[in-house]
Amino acid sequence: MRTLKQLADEATAVQNACNMSGVAQTFAKAMLDLVEHQRALRQSNKWVSNHPITRAYMSKMLSLSNYQIADCTFACLLSLSKNDENNKPVEGFICPFCGRWQKIANECGCVCGL
């Protein structure tokens, strides 16, 4: 198990990465070590979720995916997985951020444009 300092140093170094796959793999390994620290320290799952190391990786992954807070992607993905009362796929959704109707694009590319 790597020390918290080693994990923090690695999370800092990852901030210069440009390869999502590499960041994701490194993040997964870091999470395994962070969970070991959580158990040793008898901390809750929230400790891991809110840890600065976790947040550093998440921040980098969001940055690499060009994700913005006002992005409708997650609402769109949820809509794609649901059907209406007649068991037909839904064609769109009300954006939780801007309140406008968003038609679901073929590639799930709807963004409210805020």
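Assorted remarks:
- Residues of segment 3-24 that are over 13 Å from residue 54 (Cα atoms) and in a helix (DSSP H, G or I): 5, 6, 13, 16, 20, 21, 22.
- Close pairs (6 angstrom Cβ cut-off, 6 or more residues apart or separate chains): at negative phi in segment 56-68, assigned to a helix (DSSP H, G or I) and of a type in the set (Phe, Trp, Tyr) anywhere: 57/27
- Here is the figure for segment 21-48: residues that are within 29 Å of residue 66 (Cβ to Cβ), modelled with pLDDT under 95 and surrounded by 12 or more Cβ atoms within 10 Å (Cβ to Cβ) total 1.
- Search result, residues across segment 1-19 that are among the hydroxyl-bearing types (Ser, Thr, Tyr) and under 19 Å from the mean Cα position of the chain (by Cα): 12
The values are calculated or read from the model by the stated rules, or taken from the named source; none is laboratory data. Source: prediction; values computed, not measured. Don't worry about glycine lacking a Cβ; one is built from the backbone with ideal geometry, like all the others, and counts go over all protein chains shown.
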